[in-house]
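The values are calculated or read from the model by the stated rules, or taken from the named source; none is laboratory data. Fair warning: this is a prediction, and the values are worked out from it, not measured in the lab. As a convention, Cβ positions derive from the backbone with ideal geometry for all residues, glycine included, and neighbour counts pool all protein chains shown. Side chains are part of the model used for accessible areas, which takes the heavy atoms of the whole protein and leaves out ligands, DNA and RNA. Shrake-Rupley method; radii C 1.70, N 1.55, O 1.52, S 1.80 Å.
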Amino acid sequence: MTDKHTGRSLYRKKAFWIALIVLVLAAGGGYAYYSLVYSPGQASVDQVITTARVQQGDVVVSVSGSGTLVAASEVTLGFEESGYLEEVYVAVGDRVKAGDVLAKMEVDELELAIVEADIRVRLAQLDLDNILEGPTEAELAGAKAAIKNAQVTLQVAQLSYESDLNSSLDAAANAHYLEYLWYSERYLAAEEAYAAGDIDQSEYEAAVNRWRQAEADLDEALKEASLEQLGTANDVDQARNDVYQAMERLEDLQSGATDEEIREAQLALEQALLDLEDARADVEAATLRAPFDGTVTEVTALSGEYIGKSAFITLAALDEPQLQFWVEESDMSGVIVGNQVEISFESLPDETFTGEVIQVAPTLVTVDRTLAVQTLASIDTNSHSGHLLGGMSADIDVISAESRDTLLVPLQALRELGEGGYAAFVVLPDGELEMRIVEVGLQDLVNAEILSGLQAGELVSTGIAESAEMSVSIDEQQMPGGPGTGILEGGGAPGGGRPPGGP
């Protein structure tokens, strides 16, 4: 059967009250107990009640571990491209700020590329400005003058063509044509005469050769005349095209730029700006800067060396160090993110640093053949003058719970009642023992926090000890029952012994 409100077993409650009654009877019959059990005639030594004062103090519950100092962040730095190092500005141990220059590569060619890209940007901007502003009076006057010049050139070409039509080459072609007609008649007559047998073969062949030569001379004369006319005709066509183009140019200037022309000019300017940005980025990429405040821990290249794309500078954030530490698996419940820590470095034994747990690894690791929890803690260095170096060893206490300026009694003063309940025996001024139910808070290895049931300064029993001397209390008061039993303040039973059910 269980209580519907608490859910606890009524049988356990019954056991609790039985234990409580036994303790009450023991406290109420303290005089008889000590008179009968520890009478002078029955004991060879005196039995002394050891006591302790209820005091104000601190109780801290913690788990311990050990670890090493590590940087909050660490990076290895290098260039994206290969090249020669112009200068390395830092050495191991140097402290730098975010943005400080660490090293530079040779940038002569890259800087020349910036100048060239800047010129292209300026030219593209001028083109766009001219298009948007429209033609000037000078440009319009120039376009009109170009039309007149083209028209004059066309007139000259036309006159040259007409002159060629009546040139000497044409007259020579006509003379060769007449000569060709005459030899053609002679050839036809010779062919008839040769067929009739009036002339011999040699005379016939001579007539044929003269006719063929006349034909060849005519062809040559016609070609020369045609070439001359073709050249002047081409000049006329070119001059006519120049006139058309000059007129279109003037018309374009007067009508203004089209949307397409404006867009093309804008795109040309945008591309030039991108090229300039890329050139500047290349120069910036040739300058290695610190990404955060930190300390240089490694440099593996010198000025003038040719380096690849691998890193050669290591930077660690030692201004905000962390402690990587380990606690045994059995203590893992005391390690929670946010718990406060106290840190002592072996090289700085006189200083205690504080911080808090910032990370708990999700899996166990093996340290010195023991399963452990790997953890990170922050370190507050603001109030300390000691210089911390990476890799320093330290011991750490993780505070899982604490109570400051609270009532404390030794653990030996508590009597367990079961179900998590406790009682304590208070030594009254007249030497009597009074059992009190107490509410216990935090407990460490020595003391327990008392939340209720006791007051500061009260004297509580911590057990019974044996003494070869007369049992006399601090206040020179003996317990009832004669000289065989007394009160001794400030001690516990040797070896932590507690008489079962006793005070």
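Enumerate by residue number the trypsin sites (Lys or Arg not before Pro) in the stretch 272-353 meeting two conditions: DSSP loop (anything except H, G, I, E, B), and at most 10 other Cβ atoms within 10 Å of the site's Cβ.
On the way: sites: ARG280, ARG289, LYS309; in loops: LYS309.
Filter output for the stretch 272-353: LYS309.
Determine the gain in length on full extension of the stretch ASP100-ASP395; use 0.36 nm per residue of separation and subtract their C-alpha separation, reporting nm with one decimal. If you can, show how the numbers build up before the last one.
Details: separation 295, 0.36 × 295 = 106.20 nm, distance 3.53 nm.
Full-extension gain reported as 102.7 nm.
Which value, in Å², gives the accessible area per residue of the stretch 302-438 when a 1.4 Å probe is used on the protein heavy atoms? Present the calculation step by step, with values, prior to reporting the outcome.
Numbers: 7110 Å² over 137 residues.
Result: 52 Å² of accessible area for each residue.
What nm value, rounded to one decimal, do you get for the distance between ALA285 and ASP129 when each label is placed 7 Å out toward the C-beta?
Here the answer is 3.2 nm between the modelled labels.
Suppose each label sits 7 Å from its Cα in the direction of the beta carbon; what would the ASP200-SER303 distance come out to in nanometres?
About 10.9 nm separates the two model spin labels.
About the Cα centre, and with charges only on the beta carbon of Lys, Arg (+1) and Asp, Glu (-1), how big is the dipole of the stretch 288-329? Nearest 20 debye, please. Walk me through the numbers before you get to the answer.
Values: 2 positive and 7 negative charges, 83 e Å.
With Lys and Arg at +1 and Asp and Glu at -1, about 400 debye.
Using each residue's phi in the stretch 80-96, evaluate 6.51 cos²θ - 1.76 cosθ + 1.60 at θ = phi - 60° and report the 3J(HN,Hα) Karplus result to the nearest Hz, with x for Gly and Pro.
Each residue of the stretch 80-96 in turn: 7, 10, 7, x, 8, 6, 6, 7, 10, 9, 10, 9, 4, x, 5, 9, 10 Hz.
What's the FRET efficiency of LEU188 with ASN234 using the Cβ-Cβ distance as r and R₀ = 25 Å, to the nearest 0.05? Please list the in-between numbers first.
Values: r = 40 Å, r/R0 = 1.60.
Efficiency computed from Cβ-Cβ geometry: 0.05.
Which of the aspartates and glutamates could a cross-linker span from LYS97 if the Cα-Cα distance has to be under 15 Å and same-chain partners fewer than 8 positions apart are dropped?
Answer for LYS97, where 15 Å is the Cα cut-off: GLU74, ASP293, ASP319, GLU320, listed by chain and number.
Can you tell me the dipole magnitude for the stretch 305-457 around its Cα centre, using point charges on the Cβ only (Lys, Arg +1; Asp, Glu -1), in Debye to the nearest 20?
Details: 5 positive and 25 negative charges, 83 e Å.
Charge dipole of the stretch 305-457: 400 debye, to the nearest 20.
Obtain the nm distance between the two label points defined at GLN340 and ILE358 by a simple spin-label model: each point lies 7 Å from its Cα along the Cα-to-C-beta direction.
That separation, rounded to one decimal, is 1.9 nm.
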